[in-house]
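FYI, it's all coordinate maths here, none of it is from the lab. Computed from a prediction, not measured in an experiment: that's the story for all the values here. Reconstructed Cβ throughout: ideal geometry from the backbone, glycine too, with neighbour counts over all protein chains shown.
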Amino acid sequence: MRPRYIILAVALALGAAVVAMGPLRGRSVEAGIGDLASLATSALSDLRGAAQSTLAGFSGTSSAARKAGGADADKPPEVTVSQPATRKITEWDEYTGRFDAVEAVEVRARVSGYLNKVNFTDGEEVKAGELLFEIDPRPFQRALEQAEAQLDQAKVRVSNASLDVERGRPLLKSDYISKKTFDDRENIVREAQAAVKVAEARVKAAELDLSFCRITAPISGRIGRTLVTKGNFVSGGGNDSGTTMLTTIVTQDPIYIYFDVSENNALKYTRLTEAEGKKGASGMLGASVGLGLPDEDGFPHAGRLDFLDNRLDLGTGTLRARAVVSNKAGLFSPGLFARVRLQGSPEYLALMLPDEAIGTDQANRFVYVVGKDDIPERRPVKLGPLVEGLRVIRSGISADDWVIIRGQQRVRPDQKIAPKRLPLKVSDANRDQTNSVTKP
């Protein structure tokens, strides 16, 4: 309730009391009303004095507050500034790769027959030439014996035909036989000799089929599981669709890892090799490659780049690359994923700042630099990778600039600041992980 309403209510209450009590005390109503007017005049005078005193107090407090606020407003805001950290770094590009065997073989039957023996344990290491499977050889032994008999038969024909030719020579000289008859005898000899060659070829083919009953490892490596067990019929032949695959063998050491390089990075590597006096992207061959498995930190394994494809993939715009890696411990297996790190720049002196010192306004990145008379200047910057917890600044500042790293929200255009200068330290944590490229 407002004060004037309170005063009116009090005055009305006093008036009612005076009017009611006047006759009881022997006074007239008119005298009571006069007393009431005097009392009201005195009360209003007292309220005016109290209100003036209160307003004077408020005025004094507001003046003091304005003076204190003016003093604080005139004081420049304090911010923390540091010069960029400098360090020699090498940028690395990271990719996801997959291991693949240097050599991989699908072991298939080359002749048809029933499988007699399986001479290996699934998943073990085998040597080249080691016996793996045996197919029932008896039908092929009979075929070989038949071919050898046919060869002997052909040789007998050659011998008989040769004797006929020798007997006919003196008869030809004596004109007891005609020239045509003698020529026919010689042709029979030639035909018999050709039949011997055919028989010899059949013997060799039968021997070859018999040797195919013993299926050996074509390469050394780790063998897979048995796809066909003993007693089953297997089909042989010269095409993949008709032959029975028995198992697979892959080499383990060394091992390949394939990964895809983006078009921009492929161009970057070409520029780097040209700067070193080498020709094209092939100048990267032999470069060191770091590898890390999904459950490992950093890149503890090393390899060597040994292949770059001759064209980019039309669908993805990437270039297929391959590195060869030693696998003596057998840690890597074909099909396994791994992180691959490839050098993306020569060593250079980099300027680095914490990410908290970098501002953004939609498309641009910037920092505040202490300028003349401690007035901050806004500088657009170009960012690089994250190294040891600090962001590489490619352009926009120099090593001598003092950059605001904390308190940017207190910066106002053309307003002085109170810079608190502190050195910027480079963290030593997670060097192997953070020394690789991270897109800003």
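Would you mind classifying segment 173-284 by shape? Square roots of the alpha carbon gyration tensor eigenvalues, ordered a ≥ b ≥ c; an a/c under 1.5 is rounded, otherwise it is prolate if a/b is larger than b/c and oblate if not.
Here segment 173-284 falls in the oblate category.
So, R0 is 41 Å and r is the distance between the beta-carbons of Leu422 and Arg304; what FRET efficiency does that work out to, to 0.05?
0.40
Might you report the magnitude of the Cβ-based charge dipole of segment 95-156 about its Cα centre, with Lys and Arg at +1 and Asp and Glu at -1, to the nearest 20 debye?
240 debye
Extension gain Met245-Phe120, at 0.36 nm per residue separation less the Cα-Cα distance, in nm?
43.4 nm
Order by neighbour count: Asp400, Asp313, fewest other Cβ atoms within 10 Å first, most last.
With the fewest neighbours first, Asp400, Asp313 line up as Asp400, Asp313.
Neighbour counts of other C-beta atoms within 10 Å: give me Ile223, Ile257 arranged from fewest to most.
Ile223, Ile257
Report the label-to-label distance for Gln415 and Lys127 in nanometres (one decimal), using points 7 Å from each Cα along the Cα→Cβ vector.
For Gln415 paired with Lys127, the spin-label model returns 8.3 nm.
Tell me whether segment 255-343 comes out rounded, prolate or oblate; compute the Cα gyration tensor, take square roots of the eigenvalues as a ≥ b ≥ c, and use a/c under 1.5 as the rounded threshold.
prolate
Quick one: which residues, 5 or more positions from Ala85 or on another chain, have an amide H under 5 Å from its amide H? H modelled 1.01 Å from N in the peptide plane, none for Pro or chain starts.
Long-range HN contacts for Ala85: Met352.
For Leu331 and Phe366, FRET efficiency with R0 = 56 Å and r from the beta-carbon atoms, rounded to 0.05?
The calculated FRET efficiency here is 0.75.
Testing the spin-label approximation: label points 7 Å from Cα along Cα→Cβ at Thr80 and Ala201. State their distance in nm.
Distance between label points: 9.0 nm.
Going by C-beta contacts inside 10 Å, put Lys372, Lys278, Lys268 in order with the fewest on the left.
Lys372, Lys278, Lys268
What full-extension length gain, to one decimal in nm, is calculated for Val324 and Leu267 as 0.36 nm per residue of separation minus the Cα-Cα distance?
18.3 nm
First measure r as the distance between the Cβ atoms of Glu191 and Thr216, then evaluate 1/(1 + (r/R0)^6) with R0 = 41 Å and state the FRET efficiency to the nearest 0.05.
Using R0 = 41 Å, I get an efficiency of 0.55.
In debye, nearest 20: dipole of segment 137-212 around its Cα centre with unit charges on the Cβ of K, R (+) and D, E (-)?
140 debye
How many nm separate the modelled label positions at Glu106 and Leu312, each set 7 Å beyond the Cα in the direction of the Cβ?
It works out to 3.4 nm between the two label points.
If I take every Cα pair under 8 Å that is 6 or more residues apart in segment 130-247, average their sequence separation and divide by the length, what percent do I get for the relative contact order?
Answer for segment 130-247 is 37 percent.
Going by a ≥ b ≥ c, the root eigenvalues of the Cα gyration tensor, does segment 137-212 fall in the rounded group (a/c under 1.5), the prolate group (a/b larger than b/c) or the oblate group?
Since a/c reaches 1.5 and a/b is larger than b/c, the shape of segment 137-212 is classed as prolate.
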